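First the structure, which I've put down as structure tokens, then a few questions once you've had a look.
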Amino acid sequence: MSNVFELEHVNKTYKNDGKEFTALKDVSLEVKEGEIFGIIGMSGAGKSTLVRTLNRLEDVTEGQVRFYDKDLAALKPAELRKVRHSISMIFQGFNLLNQRTVIQNVEQSLRIIGAPRAERKQKAREMLKVVGLEEKENEYPARLSGGQKQRVAIARALATDPKVLLCDEATSALDPKITGEILDLLKKINLERKLTIVIITHEMAVVEKICDRVAIIDDGELAEIGDVKEVFSNPRSKAARKLVFPSNPFDPSDPDGKLIRILFDGTKSKVPFIADLVEKTGLKVNILSANTRSVGGIGYGQMIVELPESETERRTIIDFFRDGGLSVSEVRS
């Protein structure tokens with residue numbers, strides 16, 4: 001599988017009023033052809049700066065960014081324009097032209113590259129069909145919902161037959177239901193068109209739903225990178241653990257109480273472990289917090305529970321969960 005992007009020791013420093021701010025610090029990573037690659041981090045972590053280096057909207061201060069083995073910094077203006085035609089972007093704010101109809105908005109990207117008028121119209125209609133909005137071609141953006149506007153933006157991005165689609169917080173302005181629909185559409189496009197997609201987000205749910213691999217950016221640094229299932233089941237960095245596992249806000253009900261963290265790291269999501277515990281041992285636990293999810297039918301996440309006072313009962317409960325394939329660790333204050 002070819003590498004679409006390769007970043008080697010990338011640094012990006014901004015200078016303002018004599019002061020310097022380093023947004024990216026020694027970032028090295030690869031994006032493979034045909035995958036959906038997630039870049040996640042908290043606000044201000046540097047992820048949007050990172051994605052803008054992929055099409056050289058931002059020049060790097062140090063290091064190298066390559067697109068299909070071409071060093072972007074070495075490209076002449078005409079060569080860079082050609083590369084950018086292969087890299088489309090969609091944004092949180094849709095960036096549609098309000099005074100133009102839906103089909104005219106989709107045609108805009110083709111107009112920029114100089115496509116003939118007849119070809120523009122035909123291609124725009126084809127892309128509107130891909131995103132399920134062919135009946136809206138003569139509407140204006142003001143009459144569209146947020147989800148429909150983002151579908152128009154996706155159609156516009158696809159019209160030039162790009163090799164890569166960059167999505168910068170593309171679902172942040174949408175409600176959860178519409179976000180799910182847009183992510184399903186992106187996954188369908190990825191599979192049917194073999195399109196490489198890079199998704200910038202601060203939402204773990206977006207990464208969980210459609211990404212193959214994920215890079216976690218923290219304070220400009222690459223904190224962790226790997227397959228989504230591996231990062232979710234066994235986050236190694238502090239930044240990854242903070243994103244994957246929320247902190248436990250509860251204290252034991254008794255000063256001598258004992259809390260344990262049950263880690264769901266690859267078990268079947270439909271197994272009712274708590275109900276099975278009660279049924280098979282007659283013992284109960286107090287669930288204080290939980291953050292679990294199903295990724296491809298496999299359960300990931302954590303649950304914080306308080307154990308009963310009896311040391312014998314505590315050992316029985318811990319052994320029950322471990323025998324079921326769960327990781328168990330004590331939560332210390």
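If ALA155 passes every condition in (1) more than 17 Å from the chain's Cα centre (by Cα); (2) farther than 14 Å from LEU128 by Cα but one, which one does it miss?
Condition not satisfied by ALA155: (2).
Right, next: Among the candidates ILE318, ILE304, which residue alone is hydrophobic (A, V, I, L, M, F, W, C), in a strand (DSSP E or B) and either at pLDDT 85 or above or surrounded by fewer than 16 Cβ atoms within 10 Å (Cβ to Cβ) (or both)?
On the way: ILE318 fails: in a strand (DSSP E or B).
When all the criteria are applied, what remains is ILE304.
Related question: Could you give every pair whose Cβ atoms fall below 9 Å, whose first residue belongs to the stretch 136-149 and is of a type in the set (Lys, Arg) and at pLDDT below 95, and whose second residue is in a helix (DSSP H, G or I) and surrounded by fewer than 15 Cβ atoms within 10 Å (Cβ to Cβ), counting only separations of at least 6 or pairs across chains?
Pairs that qualify, where the first residue is of a type in the set (Lys, Arg) and at pLDDT below 95 and the partner is in a helix (DSSP H, G or I) and surrounded by fewer than 15 Cβ atoms within 10 Å (Cβ to Cβ), are LYS136/ARG143.
Is it the case, given these coordinates, that ASN190 is touching a Ser or Thr at 6+ places or on another chain (Cβ under 9 Å), under 22 Å from VAL51 (Cβ atoms) and assigned by TED's automatic domain parsing to the domain that holds ILE40? Talk me through it step by step, then tell me what you get.
On the way: touching a Ser or Thr at 6+ places or on another chain (Cβ under 9 Å): yes; under 22 Å from VAL51 (Cβ atoms): yes; assigned by TED's automatic domain parsing to the domain that holds ILE40: yes.
Against the criterion (touching a Ser or Thr at 6+ places or on another chain (Cβ under 9 Å), under 22 Å from VAL51 (Cβ atoms) and assigned by TED's automatic domain parsing to the domain that holds ILE40), ASN190 qualifies.
Inspect the stretch 125-147 for any residue being more than 25 Å from LEU29 (Cβ to Cβ), out of contact with any Leu (no Cβ under 7 Å at 6 or more places or on another chain) and surrounded by 20 or more Cβ atoms within 10 Å (Cβ to Cβ) and give the result as yes or no.
The answer is yes, given that some residue of the stretch 125-147 is more than 25 Å from LEU29 (Cβ to Cβ), out of contact with any Leu (no Cβ under 7 Å at 6 or more places or on another chain) and surrounded by 20 or more Cβ atoms within 10 Å (Cβ to Cβ).
Here is a list: ALA115, ALA78, ALA45, ALA74. Which entry is crowded, with 18+ Cβ neighbours inside 10 Å and over 21 Å from GLU169 (Cβ atoms)?
Values: ALA78 fails: crowded, with 18+ Cβ neighbours inside 10 Å; ALA45 fails: over 21 Å from GLU169 (Cβ atoms); ALA74 fails: crowded, with 18+ Cβ neighbours inside 10 Å.
Of ALA115, ALA78, ALA45, ALA74, the one residue that is crowded, with 18+ Cβ neighbours inside 10 Å and over 21 Å from GLU169 (Cβ atoms) is ALA115.
Being surrounded by 13 or more Cβ atoms within 10 Å (Cβ to Cβ) and farther than 15 Å from ARG151 by Cβ is the filter here; which residues of the stretch 90-107 pass it?
Those that are surrounded by 13 or more Cβ atoms within 10 Å (Cβ to Cβ) and farther than 15 Å from ARG151 by Cβ: ARG100, GLN104, GLU107.
Considering every residue within the stretch 158-170, establish whether at least one is assigned to a helix (DSSP H, G or I) and at negative phi.
Looking for residues that are assigned to a helix (DSSP H, G or I) and at negative phi, one finds at least one in the stretch 158-170, hence yes.
Follow-up question, since we're still on this one. Take the residues of the stretch 165-188 that are surrounded by fewer than 19 Cβ atoms within 10 Å (Cβ to Cβ) and hydrophobic (A, V, I, L, M, F, W, C): which is nearest to GLY147 (Cα to Cα)? Please lay out each step first, then the result.
Quick first cut of the stretch 165-188, residues surrounded by fewer than 19 Cβ atoms within 10 Å (Cβ to Cβ) only: 172-173, 175-178, 180-181, 184-185, 187-188.
Subsequent filtering for residues that are hydrophobic (A, V, I, L, M, F, W, C) retains 173, 178, 185.
Numbers: ALA173: 9, ILE178: 6, LEU185: 11 Å.
Across the stretch 165-188, the extreme among qualifying residues is ILE178.
Take LEU110 and tell me if it is surrounded by 14 or more Cβ atoms within 10 Å (Cβ to Cβ), in contact with a Lys or Arg (Cβ under 7 Å, 6 or more places away or on another chain) and over 15 Å from ARG151 (Cβ atoms). Steps first, please.
Values: surrounded by 14 or more Cβ atoms within 10 Å (Cβ to Cβ): yes; in contact with a Lys or Arg (Cβ under 7 Å, 6 or more places away or on another chain): yes; over 15 Å from ARG151 (Cβ atoms): yes.
Answer is yes for this residue.
The values are calculated or read from the model by the stated rules, or taken from the named source; none is laboratory data. Please read these numbers as outputs of a predicted model, since none were measured by experiment. Cβ coordinates were reconstructed from backbone atoms using ideal geometry, including for glycine residues, and neighbour counts include every protein chain displayed.
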